[in-house]
Amino acid sequence: MRVNPFHTALLLTPATVLILVLLVVPVAIVAAMSFTDWQFGAATLDWVGLKNYRELWTDTVFRKSLANTLLYLVVVTLGSIVIGLGAALLIESDTQLRGFYRTAFFMPVASTMIAMAVVWQFLLHPNAGLVNQMLELVGLEPHNWLNDSQLALYSLAAIGIWQMSGLALVLFLAGLKSIPQDIRDAGALDGIEHPLDRFRRITWPLLGPTTLFVVTVCAIRALQVFDTVHVLTKGGPNKATEVLLHTIYSEGFSFFRMGYASAMTVVFIAGIFFLTQLQHATMERKTHY
Amino acid sequence: MKRPSNLFRSLRHLVLMAGAVIFLMPFIWMVLTSLKPADEIFSRELSLLPTRLALVENYTLALTKVPLLRYLWNGVVVCAAILVLQILVALPAAYAFAKLEFRGKTWAWRLVLLALMIPHQATAIPIYVMLHRLGMLNTLSALIVPFSISAFGIFLMRQFFRTVPDDLVHAARLDGMSELELVWRVMLPTAIPALFAFSIFSVVWHWNDYFWPLLVISSPELATPPLGTIFFRNEEAGTNFGPLMAGTVLITAPLVLFFIAAQKRFIEGVTLTGVKG
């Protein structure tokens, strides 16, 4: 409906102005700054064209950071999907203690990650930590989980999986609920009785779009990993846990090389945009069921 | 559907219970450790329960060594201010997109969808510089103002407002209500469930955010709970685990208790991140 344009403007102006000032223009500024050598506090800046991007390409720290981020993303997404889907199927398969299990798996999602990171630091403590104490109890080798360059990234990924599985779980539970009972009944009439058969032939195909969607949700979150890295390893030891946002943070806010950090941010934004587009595509597919 | 066999049901409990124990272990261990004195925490043999209860000293230390209650209060103020601003800004716009026709609507909507994709970390550098120029770094406003707009809030509420019958809007206009009045007195009351879900989404996000407070806040008395936790850890010895765990118990308690009290709502709100990304 059309109303007085003045009234419409009154409703829309605050939101539009803030979107431009706080979101769209800053991203444009980041893009522009990525072509300069600007350092925070410097009075002048020079256009350097693609120099920052060329430097990124040969920067071993950035390359390491990008590789670590991707590895973290794959491990965490895969782990969360497997645990989330497995738990969702098991929870749904019977009625007992459903609420309790859902709550237990979702608790990490509901808790303040930074506080829990400090708890994890304690759990993974080389001497006093529960994890090593348990390992020693059953006669296994203890490890220095966060200070061993072979292990540190996987330790962070394990914490990431612990935090994200509950989210995957509830998204899968919602997906499972949307599978009509008729289809399962029809399957049973067709002689699909064994639970594994039912999963392979009915549930999994129907859950396909949900799975793609959950993958993108987890991947977007994993790409934004920062908290655990900053609190537990600071990117170390020896850059073994350096990830994209942490590198941006160090370049931009410790070394104040804002131009260079902006170029990294552009790479980060590109990754997020790509995953978001993928997600929208999966959401459109989802509506067909 | 056929009832599962007893063997399957026991296996189901075995697997899920093992998973649940692992997932809850950090919480259990955090609470237990917050009750133990230092010598028991560092003793070589593993014991579940404290033999000497150090509840009072650990929690007293956590509350006196750093201004923990101040952090929690800052968190409440920041989250409440962000939420109020987000609602004030987003609801009128959502109404306009849902119920009104105007020139440039398609383009304006594309702008919202574009903004929806932008993660907060992406704008950190220019906004930091902006706040620096305005002399606003290290103030609570620096934690609030950058988040006053939620493109996701506009998106979500617009979807909801579209389901509100047009007749309701017409009737309100016939009663002589202005458009702005209509938003708050007619649309808002119909949107309470959606608004509740959005509020949980927003509060959980900003309560837990660490990246932004880390950038803009340097004074301990302005810290939010996550930043305060790290101040505490760095201040009070990274190894004095009893009081440290007492601190993390107090910091995680508000959201966890809220989650346990209003699970369905909470999950609804948090899973909105699925749509937001």
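Readers should treat all values here as calculations from the given coordinates under stated rules, not as data from a laboratory. Because the structure is predicted, anything quoted here is derived from the model rather than measured. Every residue, glycine as well, gets a Cβ built from its backbone with ideal geometry; the counts of neighbours run over all protein chains shown.
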- Item | GluC sites (Glu not before Pro), loop per DSSP, at most 15 other Cβ atoms within 10 Å - longest free stretch of chain B | B:102-277
- Query: aspartates and glutamates near B:LYS105 by alpha-carbon distance under 19 Å, same-chain residues fewer than 8 away left out - which ones?
  - Reply: B:ASP166, B:GLU179
- Please list, in chain and number order, the residues 5+ apart from A:GLY236 or on another chain whose amide H is under 5 Å from its amide H, with Hs placed from the backbone. A:THR241
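Kindly identify chain A as rounded, prolate or oblate by the Cα gyration tensor criterion: order the square roots of the eigenvalues as a ≥ b ≥ c, call it rounded if a/c is under 1.5, otherwise compare a/b with b/c, prolate if a/b is larger, else oblate.
oblate
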- Helix axis angle, B:225-235 relative to chain B longest principal axis, alpha carbon, degrees: 30
- Message: Give me the extension gain from B:ARG103 to B:VAL77: residue separation times 0.36 nm, minus the current Cα-Cα distance, reported in nm with one decimal.
- Response: 5.5 nm
- Sorted by chain and number, the residues with a modelled amide H under 5 Å from that of A:THR36, at a separation of 5 or more or across chains, are A:VAL48
- Task: Please order B:ILE154, B:ILE260, B:ILE41 by the number of other Cβ within 10 Å, starting at the fewest.
- Result: B:ILE260, B:ILE41, B:ILE154
- Förster-model FRET efficiency, 22 Å R0, B:ILE192 and B:ILE260, C-beta, rounded to 0.05: 0.50
- Nearest-0.05 FRET efficiency for A:PHE100 and B:ARG110 at R0 = 45 Å, using Cβ-Cβ distance, is 0.50
- Query: For a label point 7 angstrom out from the Cα of A:ALA186 toward its Cβ, which stretches of region A:205-246 have the backbone nitrogen within less than 15 Å?
  - Reply: A:205-207
- Item | Relative contact order (percent, whole number), chain A, Cα cutoff 8 Å, 6+ residue spacing | 29
- Item | Paramagnetic reach from B:LEU14 (point 7 Å along Cα→Cβ, amide N under 19 Å) across region A:78-92 | A:86-92
- Short version: ³J(HN,Hα) in whole Hz for each residue of region A:173-187, in order, from phi by Karplus 6.51 cos²θ - 1.76 cosθ + 1.60 (θ = phi - 60°), x for Gly and Pro, what are they? 4, 5, x, 5, 5, 7, 7, x, 4, 3, 5, 5, 4, 4, x
- Task: Grab the DSSP H runs of the protein assembly as shown that are 4 residues or longer, score each as -39,500 (n - 2.57), total them, divide by all residues and round the 222 nm result to the nearest 500 deg cm²/dmol.
- Result: -22000 deg cm²/dmol
- Note on the structure: Of B:THR190, B:THR51, B:THR33, the most mobile residue in a GNM of chain B (C-alpha springs, cutoff 10 Å) is B:THR51
- Could you give me the ³J(HN,Hα) list for region A:34-44, computed from phi with Karplus coefficients 6.51, -1.76, 1.60 and θ = phi - 60°, whole Hz, x at Gly and Pro? 5, 9, 10, 9, 4, 10, 4, x, 6, 7, 10
- Message: For the pair A:LEU20/A:ALA32, report the inter-label distance in nm, with labels modelled 7 Å from Cα in the Cβ direction.
- Response: 1.4
- For labels at A:LEU45 and A:LEU78 in the simple 7 Å Cα→Cβ model, what's the distance in nm? 4.0
- Task: Could you run the Karplus curve 6.51 cos²θ - 1.76 cosθ + 1.60 with θ = phi - 60° over region A:71-76 and give me ³J(HN,Hα) per residue in whole Hz, x for Gly and Pro?
- Result: 4, 4, 4, 5, 5, 5
- Hey, fewest Cβ within 10 Å first, where do A:THR233, A:THR16 land in order? A:THR16, A:THR233
- Query: In nm, to one decimal, how far is the modelled label at B:THR239 from the one at A:LEU137, with both set 7 Å along Cα→Cβ?
  - Reply: 2.3
- Once you've got the GNM for chain B with C-alpha springs shorter than 10 Å, pick whichever of B:ILE251, B:ILE267, B:ILE200 has the biggest mean-square fluctuation. B:ILE267
- Message: Which of A:ASP59, A:ASP227, A:ASP182 ends up with the largest GNM mean-square fluctuation for chain A, with Cα atoms connected below 10 Å?
- Response: A:ASP182
